[in-house]
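What follows is a set of notes on a single structure, which appears directly below.
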Amino acid sequence: MLALITDPRFQDHHPGEAHVELPARAAAVLRATRHSAVRDAIVELAPRAASDAELLSVHRQSVLDRLTEVEGTWGQLDADTAVSPDSVPVARLAAGAGLVAIEALRNGDADAAFCAVRPPGHHATPTRSMGFCLVNNIAIAARALADAGERVLIADFDAHHGNGTQDVFYDDPRVLFVSWHQWPLYPGSGRLAEIGSGDAIGTTVNLPVPPRTTGDLYLALIDEVVGGIIDRFGPTWLLISAGFDAHRYDPIAELGLSSGDFAAITSVLMQAVGPGRTIGFLEGGYDVDALEWSAAGCLAALAGVTLHPEAPTSGVFRADLAHRVAVAQGLV
């Protein structure tokens, strides 16, 4: 069974008619859940609002204060990040969705979970909302797990580097953060040399890939270097920042993946932990058709089913990135 944590209210966040992070994205993911390969496996659960204490486990009080100021209004948190009157309570629901998923999996209610939420979260840092993200949904769930004694792998295959998630856990050896992302691209972070600090050196792994990269490189990096890092870390939970803007049709990135690639990558990543210990979180993906197909493939993989709405891609870039990652991590 696959727990789907979602709510119609996720369509009540309106950053603006010209904004790519539209309510139609939530509807596209819901269409994906009706695919014949997954619909019978899904048990739908309602999210709950994250408390102030849960938000403060990741963010500073200044972030909450700013959200309180704009709650119930139309406004801008930065050049890319807008709010409408319902955005702040919706963001609290998105932040609480992962906590509901954790509880459901611990109770044995499902074998994996997916949080179909808006707004996304992985750009929100401890000190600011940014990059369409008000609060960091996946980081709040990862912090709760780490504080409960778990070792958490966060795998982020969004086209944009999850700078906020990296910042939260950069010096936390309980969380391994692995990010595939286009380079160069917003927000400009995620270099190979960013590997963590203090006791957490080696628990941040950045995989910056060039435009037009295809899915075979993502899998090759797991096979050649990332898989070994994951094995040595020994995660007990896997959280996936499932951003689908690496799809070749996405309007704000230039990567070359297909929906079949996201299915394959998710399946391989799930081998890192046991059953009932994987949660996906919706991040980017701004072509609504590609988002629907990609979410369907990812959801099927989470449910243990093979579904490739499009064939996986291959053949464009197979450079020496795995070796350069190994050098940056001090493995060679």
| Every residue from region 197-212 that is in a loop (DSSP other than H, G, I, E, B) and under 19 Å from the mean Cα position of the chain (by Cα) | 203
| query | Is there a residue in region 316-328 that is acidic (Asp, Glu) and free of Cβ contacts under 8 Å to residues at least 40 places away in the same chain? | reply | yes
| query | Can you tell me which residue in region 278-332 is farthest from residue 109 (Cα to Cα), limited to those that are of a type in the set (Asp, Glu) and not in a helix (DSSP H, G or I)? | reply | 320
| remark: Expected output for region 5-17 (first residue under 17 Å from residue 33 (Cβ atoms) and in contact (Cβ under 8 Å) with a residue 12 or more places away in the chain, partner among the basic types (Lys, Arg) and assigned to a loop (DSSP other than H, G, I, E, B), Cβ below 6 Å, 6+ apart or cross-chain) is 10/118
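Examine region 115-124 for a residue that is in a strand (DSSP E or B) and buried (at least 22 other Cβ atoms within 10 Å of the Cβ), and state whether such a residue exists.
For region 115-124, residues in a strand (DSSP E or B) and buried (at least 22 other Cβ atoms within 10 Å of the Cβ): present.
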| Looking at residue 41, is it modelled with pLDDT of 95 or more, of a type in the set (Gly, Ala, Ser) and either surrounded by fewer than 17 Cβ atoms within 10 Å (Cβ to Cβ) or under 17 Å from residue 282 (Cα atoms) (or both)? | no
| Pairs, please: C-beta under 7 Å, at least 6 apart or cross-chain, first residue closer than 11 Å to residue 322 by Cα and in region 223-236, second of a type in the set (A, V, I, L, M, F, W, C) and at pLDDT 95 or above? | 225/325; 225/326; 226/178; 226/205
| task | Could you tell me whether region 149-168 includes any residue that is closer than 18 Å to residue 324 by Cβ and crowded, with 19+ Cβ neighbours inside 10 Å? | result | yes
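The values are calculated or read from the model by the stated rules, or taken from the named source; none is laboratory data. Note that this is a predicted model, so its numbers are computed, not measured. Here Cβ is always computed from backbone atoms with ideal geometry, including for glycine, and neighbour counts include all displayed protein chains.
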